[in-house]
Each structure stands twice: as C-alpha cells, then as structure tokens.
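Remarks on the structure that follows.
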Amino acid sequence: MKAIVYKSNAGHTMQYAIFLSKKLNIPCYDIKDAIKYLSKGDEIIYLGWVCAGRICGYSKSNKMYDIKCCGAVGIYPSTTEYLTELKNGNNVNQELFYMRGGIDYSKLNWLFKRVIKLVGSAIKKENKPGSEELSQVLENGASFVSEENTKDILDYINSMK
Ligand SMILES: Cc1cc2nc3c(=O)[nH]c(=O)nc-3n(C[C@H](O)[C@H](O)[C@H](O)COP(=O)(O)O)c2cc1C
C-alpha cells in the first residue's frame, strides 16, 4: 500500500486520513496533490467526504489508482443500512467503511451553510422518532471524529497484509 488519498471539504476526512497515515506508517495526500507523488495504478486507501449521497472523489480516484479499500465520511449516524446505501449509490467495488465526521460551520462556505441549515430545519419539522440528535447536530455543529471509528477499516487493512 503506497498511500492514503483523501478528499475533504471541512477537515474531518483529513483528520481520519492523518490518523490512518500515522497508524499505518504510510503518507496521506489530498486528492489534488496525489498526482505529484503517485503513479497511475498505485495501491491506495481512499477516503472521501459525503456530499448529497456522493463519496466525493471516489470515481476519479478509482480510475486513477488501485483502491484497496475505501472510507466514506458523513454526518449521518453509522448504520449498516446507510453503508449499503452509500456502497450501492456510489458503485463502490471495494470494501467500504463509514466513519462519522462532523459539521464545522466555520469551515463551510455560505451555500453549504445554507444547505445544512435547511436540511436541519426540514428534519426538525418532520420530527421523526430518533431524529432529534441529527437536527441538533445540523443546527449547532459537532464533531464525531474519533480513533474508535477507524477500528474496522484498520482491522481490514491489517488483515490484508
Ligand atoms: C452540502 C453538504 C452536503 C452533505 N451531504 C451529506 C450526505 O448526503 N450524507 C452525509 O452523511 N453527510 C452529508 N454531509 C455532511 C458531511 O459529509 C460531513 O460534514 C463530513 O464530515 C464532511 O467531511 P469533511 O469535513 O472532510 O469535509 C453534507 C455536508 C454538506 C456541507
């Protein structure tokens, strides 16, 4: 495995990439810089943030590199249903792991701030059971980045060695 390649908008995916990089002792590169350090077909681990159901940068990286496994970082709670939805919706043909990221309003542009606020109010209005936490998170921001969330992807990578 040569490196971890990631695409992050507000920094949570980057935090996971840096953490995995330290744990695995391989470099991590932003998708924009990766081209300078890697060659086509190099073996990588790919991490991308989720925007409107899309794992950003995945399909581009999948054409360029040999992705050994993939991580998606989003704000929805981690469930097997959501993982399956992301895997099918993004045509991920490697093992996919989900790690919960966060919302940091100080790092979002005005459009993304507005989208998140609108989604938060819509969820609040719907008032479905169990949706209180998510609507709070979307309203006020939060970070769920933790070492614990990398356990499954790390176990998988270590089992491939
Ligand atoms: C415009 C926008 C759309 C988003 N869409 C989703 C989504 O469909 N599913 C999800 O789980 N999270 C979604 N999120 C939340 C981000 O995936 C989450 O904040 C993630 O931690 C961002 O990673 P980053 O900090 O590396 O950019 C969205 C965030 C923004 C700003």
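Could you tell me whether the stretch 37-149 comes out rounded, prolate or oblate from its Cα gyration tensor? Rule is a ≥ b ≥ c as square roots of the eigenvalues, rounded for a/c under 1.5, then prolate if a/b exceeds b/c, otherwise oblate.
In terms of gyration-tensor shape, prolate.
Hey, with R₀ at 45 Å, roughly what FRET efficiency would residue 40 and residue 127 work out to, going by the Cβ-Cβ distance, to 0.05?
The value I calculate is 0.35.
By how many nm would the segment from residue 148 to residue 117 grow when fully extended, if each residue of separation counts as 0.36 nm and the alpha-carbon distance is taken off?
Gain on stretching residue 148 to residue 117: 8.3 nm.
What nm value, rounded to one decimal, do you get for the distance between residue 82 and residue 105 when each label is placed 7 Å out toward the C-beta?
Output for this residue pair reads 2.1 nm.
Every number here is computed from the coordinates shown, using simple stated rules; none is lab data. Fair warning: this is a prediction, and the values are worked out from it, not measured in the lab. Neighbour counts are summed over all protein chains in view; Cβ atoms, including those assigned to glycine, are modelled from backbone coordinates with ideal geometry.
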